[in-house]
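Trainee: Below you'll find the structure I mean.
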Amino acid sequence: MRIGELAARAGTTTRTLRYYESRGLLPARRGDNGYRTYDEADLTLLRQIRTLQDFGFGLEETRPFVECLRAGHPSGDACPASLAVYRRKLAELDALIGELGTVRRKVARQLERAERARDDLSAGAEVPGGPEPVCELKGQAS
């Protein structure tokens, strides 16, 4: 198949395919007429790359999976190098989840502090002669 058909079947652009080719992820075969030619195995490579990118893998992280497929394995994640990439990605995701948990706890504490301050201010307004709560957003259009 030619580049346009491969791009359409893979759900990508010819520009992307040329970029993958320049990075060595997609083979650069040419027919007698000089046009790029591709086969079903190339479509499998592209689907592997796109799936991994949808999961958040960088383009270079897909290389071991592509090489595994090119080596004749039925799946791009059947090789030790691919499994190592999975392990690194999981460790990276675990670290990010930890960081997000820390940020979430800080935001929750800040919200609790702000709500207590608001409640304290409102309680003071109920005392005769106490301050009137003021909202900076009062009267502003949203």
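Trainee: Any idea what the dipole of the chain comes to, in debye rounded to 20, about its Cα centre with Lys/Arg Cβ at +1 and Asp/Glu Cβ at -1?
Mentor: 560
Trainee: Hey, another quick one. With every protein chain left in place, what is the accessible area per residue of the chain in square angstrom, probe 1.4 Å?
Mentor: With the other protein chains kept in place, the chain gives 70 Å² per residue.
Trainee: Rounded to the nearest 10 Å², what accessible area does residue 22 have for a 1.4 Å probe in the complete protein model?
Mentor: Looks like 90 Å² after rounding.
Trainee: In addition: Using the Karplus curve 6.51 cos²θ - 1.76 cosθ + 1.60 with θ = phi - 60°, what ³J(HN,Hα) values do you get for each residue of the range 72-84, in whole Hz, with x for Gly and Pro?
Mentor: Computed from phi, the couplings for the range 72-84 are x, 6, x, 9, x, 9, 8, 10, x, 5, 5, 4, 5 Hz.
Trainee: Moving on to the next point. Note the listed values (i) 2, 8, 13, 13, 10, 7, 6, 5, 5, 5, 6, 6, 5, 4, 3, 2, 1, 0, 0; (ii) 2, 11, 22, 27, 23, 12, 4, 0; (iii) 2, 9, 18, 22, 18, 15, 9, 4, 2, 1, 0, 0, then indicate which one is P(r) over Cα pairs in 5 Å bins from 0, in percent calculated from this particular structure.
Mentor: (i)
Trainee: Taking all protein chains as present, what is the carbon and sulfur share of the accessible area of the range 1-102, in % to the nearest whole number, probe 1.4 Å?
Mentor: Within the range 1-102, the accessible surface is 55 percent carbon and sulfur.
Trainee: For a quick check of understanding: with a 1.4 angstrom probe and all protein chains in place, what accessible area in square angstrom does residue 79 have, to the nearest ten?
Mentor: Estimated to the nearest 10 Å², residue 79 gives 20 Å².
The values are calculated or read from the model by the stated rules, or taken from the named source; none is laboratory data. What you see is a predicted model; the values in this text were computed from it and never measured. Virtual Cβ from ideal backbone geometry, glycine too; neighbours counted across all protein chains shown. Accessible surface areas use protein heavy atoms only, side chains included; no ligands, DNA or RNA. Shrake-Rupley method; radii C 1.70, N 1.55, O 1.52, S 1.80 Å.
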